[in-house]
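Reviewing the structure listed below.
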Amino acid sequence: MRLYAAVAVSGFRRYATYRIATAAGVFTNTVFGFVLAYTFIALWHERPHLGGYDRAQALTFVWVSQALLATVSLLGGGFQEELQERVRNGDIAVDLYRPADLQLWWLAADLGRAGFQLLGRGVVPLLAGALCFELALPADPLRWLLFLCAVLLAVVVGFAVHYLVGLCAFWLLDGAGVAMVSQLLCLFFSGSLLPLNVFPGLFGAVARALPWAAMLQVPVDVLLGRHAGWGAAGALAFQAGWAVLLLALGRLMQARATRKVVVQGG
């Protein structure tokens with residue numbers, strides 16, 4: 001475990017070196033947060049309590065989403081592209097020779113990345129939103145602790161999804177197409193465009209049952225107190241269930257992919 005802890009710390013330090021990129025990301029998230037916030041204000045003015053949220057809760061959803069955008073890699077920018085490139089150029093063979101589990105190695109590195117992104121790119125946009133708008137942020141420290149647990153599980157679910165997409169490079173000459181489809185699905189079904197509670201009927205129920213909901217919708221709802229008591233435990237169990245299932249699927253896919261490693265182009 002000390003090895004993977006060291007990998008996580010290394011992942012944190014690696015992303016901490018990109019200070020200009022972090023500042024640019026903070027600026028982008030903040031500006032986009034203002035655009036979405038005023039869009040939501042107009043929408044909730046016409047449809048008060050849409051999806052069961054009042055205006056303050058809807059604005060909180062916007063700013064917490066911006067805080068978690070890079071943390072959970074909802075728009076990419078995590079390890080997935082690097083993994084695909086290492087498969088494409090054959091460097092994955094070096095990874096397979098390491099005395100470490102391939103999946104756990106990448107998971108530890110991604111947890112380190114996510115930790116930095118949460119602090120480096122998540123705190124400032126949320127503070128900016130709290131200063132400029134009336135948000136429904138809780139005062140209960142227990143709710144914040146549950147939220148952090150939900151964020152951790154969201155990162156693991158996000159990793160598992162991206163890992164499956166990254167492994168597709170073993171069979172495809174170019175994994176960009178699969179990555180783009182995955183990104184679009186993640187963007188829509190995570191709730192980053194609109195809370196999934198807005199969608200009615202069967203479509204909304206299916207959307208909230210998919211793994212992408214565990215990446216954003218569930219953590220924000222936990223923070224807003226929509227999952228309280230046993231409901232919060234159920235929400236975390238929902239995330240944990242998808243995490244275990246997707247990690248197991250990634251393990252099976254990894255075993256199948258590495259039976260025979262073919263270096264593309266050589």
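The values are calculated or read from the model by the stated rules, or taken from the named source; none is laboratory data. Nothing here was measured: the structure is a model prediction, and the numbers come from that model. For neighbour counting, all protein chains shown are included, and Cβ atoms are generated from backbone atoms with ideal geometry for every residue, glycine included. Surface areas here come from the heavy atoms of the whole protein model, side chains and all, with no ligands, DNA or RNA. Shrake-Rupley method; radii C 1.70, N 1.55, O 1.52, S 1.80 Å.
Cβ separations smaller than 6 Å between residues 6+ apart or across chains give the following pairs from segment 173-201 residues that are of a type in the set (A, V, I, L, M) to residues that are at pLDDT below 90 and not in a loop (DSSP other than H, G, I, E, B): V178/C168; V198/G51. Out of the residues in segment 80-90 that are at pLDDT 80 or above and surrounded by fewer than 21 Cβ atoms within 10 Å (Cβ to Cβ), state the one that is nearest to F40 (Cα to Cα). Checking each candidate, the answer is E81.
Is it the case that segment 224-247 has a residue that's under 22 Å from L36 (Cα atoms), open to solvent by less than 40 Å² (accessible area, probe 1.4 Å) and part of a helix (DSSP H, G or I)? For segment 224-247, residues under 22 Å from L36 (Cα atoms), open to solvent by less than 40 Å² (accessible area, probe 1.4 Å) and part of a helix (DSSP H, G or I): present. Considered as a group, the residues in segment 55-102 that are touching a residue at least 60 places away in the same chain (Cβ under 8 Å) and touching a Pro at 6+ places or on another chain (Cβ under 6 Å) include one that is farthest from V31 (Cα to Cα), and that residue is F61.
Yes/no matrix, rows are residues, columns are (1) more than 30 Å from V87 (Cβ to Cβ); (2) modelled with pLDDT of 95 or more; (3) of a type in the set (D, E):
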| position | (1), (2), (3) |
| --- | --- |
| V178 | no, no, no |
| F189 | no, no, no |
| W230 | yes, no, no |
| W242 | no, yes, no |
| A248 | no, yes, no |
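Filtered by the rule that a residue be hydrophobic (A, V, I, L, M, F, W, C) and either over 22 Å from the mean Cα position of the chain (by Cα) or open to solvent by less than 20 Å² (accessible area, probe 1.4 Å) (or both), segment 143-167 gives F147, A150, V151, A154, V155, V157, F159, A160, V161, V165, L167. Scanning segment 103-142 for residues that are crowded, with 23+ Cβ neighbours inside 10 Å and polar (S, T, N, Q) turns up just one, Q117. Counting only helices (runs of 4 or more DSSP H) that sit wholly inside segment 1-73, those with at least 2 residues that are closer than 26 Å to L107 by Cβ and open to solvent by 70 Å² or more (accessible area, probe 1.4 Å) are 2-16.
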